[in-house]
Amino acid sequence: MRLSISHETIYRYDAPVRHSTQYLRLTPHSSLRQRVLDWELELPVPAFKSVDPYGNILHVLTLDFPHQEISIKAHGVVETDDLGPEPEDKLPPLFFLRHTELTAPDEPLKAFADGYRDEAHIEFALTRLMLAIREHMPFTPGETTVQTSAAEAFARGQGVCQDHTHVFLSCSRHLGVPARYVSGYIYSPGHVARHVASHAWAEAWINGRWHSFDIANGTPANDNHLKLAIGMDYLDACPIRGVRNGGGAEEMDASAWVWLDDQ
């Protein structure tokens with residue numbers, strides 16, 4: 001499948017920001033499941049490009065002059081294919097057994113996860129876990145934030161794709177299965193125009209391969225999914241994360257669209 005992607009984020013501030021640094025994981029890389037045909041970032045000044053510890057393409061955008069607005073755009077064309085699990089990559093799978101502040105389970109979450117402990121049929125057990133999380137936590141925008149932990153979202157019984165993913169990671173790691181956070185985009189045919197396409201899902205290490213679990217949609221990742229970055233949780237893999245000096249109150253306007261490319 002050949003997909004076109006457009007992603008724009010604009011930050012506006014009440015007062016001049018003296019200095020800001022934005023960490024951008026907005027550039028996909030080619031793999032067995034996707035081939036980047038064209039990709040471009042539009043930034044106010046050139047950014048320093050590197051690769052982070054997880055193997056993600058990272059751009060560091062530094063503005064060391066007064067500013068009250070930052071516009072960040074990414075767009076390109078990627079060819080995707082549903083070729084099955086991703087192979088092992090930069091970090092050893094056992095690294096992804098560690099809990100983070102956002103994924104640490106409390107007692108209710110541990111008890112929930114224990115109901116899906118099946119060492120003989122791990123993939124089937126995690127598929128049932130995925131569907132149970134989706135049922136327990138209906139997709140509910142606006143009820144959580146990027147700081148909401150897995151335990152908090154699970155207790156509320158609602159959330160969005162990042163919350164579903166954090167709960168799945170928390171349960172999987174509690175069960176002894178390495179699991180990692182994936183950020184990216186999703187093509188959703190049939191949705192209304194300008195459907196917001198930013199997305200998150202999980203990958204779990206099962207029988208020597210990474211297997212995907214899109215909890216919000218109750219399916220494995222397929223050729224509708226385009227991967228941007230991986231990490232222990234949202235903070236490691238989110239497309240944009242930054243710090244600033246000054247600026248007062250902040251307003252952010254973000255939009256992302258994915259559509260079939262007609263070449």
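The values are calculated or read from the model by the stated rules, or taken from the named source; none is laboratory data. Fair warning: this is a prediction, and the values are worked out from it, not measured in the lab. Here the Cβ is made from the backbone with ideal geometry for all residues, glycine too, and neighbour counts use every protein chain on show. The accessibility values were calculated without ligands, DNA or RNA, using every heavy atom of the protein model including side chains. Shrake-Rupley method; radii C 1.70, N 1.55, O 1.52, S 1.80 Å.
A few points about this structure:
- Under the Karplus curve 6.51 cos²θ - 1.76 cosθ + 1.60, θ = phi - 60°, whole-Hz ³J(HN,Hα) for segment 144-149, x wherever Gly or Pro sits: 9, 10, 5, 8, 6, 7
- Of all lysines in the structure, those lying under 26 Å Cα to Cα from K49, and not within fewer than 8 positions of it along the same chain, are K73, K90, K227.
- Helical mean residue ellipticity (222 nm; -39500 (n - 2.57) per DSSP H run of 4+; nearest 500) of the chain: -5500 deg cm²/dmol
- Segment 21-69 shape via C-alpha gyration tensor axes, a/c threshold 1.5: prolate
- Here the extension length gained between T62 and M252 equals 66.6 nm, from 0.36 nm per residue of separation less the Cα-Cα distance.
- Highest to lowest packing among 215-221, 176-182, scored as the average C-beta count within 10 Å: 176-182, 215-221
- Residue (of A15, T165, T100) at the positive-pole extreme of the chain, dipole from beta-carbon charges: T100
- Taking every alpha-carbon pair in segment 46-157 and binning the separations at 10 Å intervals from zero gives 9, 24, 32, 26, 8, 1 percent.
- Considering only I133, I70, I122, the mean-square fluctuation computed in a Gaussian network model of the chain, springs between alpha carbons under 10 angstrom, is largest for I70.
- Placing +1 on the Cβ of every Lys and Arg and -1 on the Cβ of every Asp and Glu, with no other charges, gives segment 1-110 a dipole of roughly 180 debye about its Cα centre.
- Euclidean distance of C-alpha centroids, segment 217-262 and segment 147-170, integer Å: 17 Å
- Taking Cα centre as origin and charging only the Cβ of basic (Lys, Arg, +1) and acidic (Asp, Glu, -1) residues, the dipole magnitude of the chain rounds to 280 debye.
- Per residue, the solvent-accessible area of the chain (1.4 Å probe, heavy atoms of protein chains only, all protein chains present) comes to 47 Å².
- What the phi angles of segment 198-209 give under the Karplus curve with 6.51, -1.76 and 1.60, with θ = phi - 60°, is a coupling list of 5, 8, 9, 8, 10, 10, 10, 8, 10, 6, x, 9 Hz, glycine and proline written as x.
- Portion, in percent, of the accessible area of the chain that falls on carbon or sulfur, probe 1.4 Å: 52 percent
- Radius of gyration over Kirkwood radius for segment 197-239, both on Cα atoms: the Rg/Rh ratio is 0.94.
- Rounded to whole Å, sorted largest first: equivalent-ellipsoid semi-axes of segment 159-259, Cα gyration tensor: 25, 20, 11
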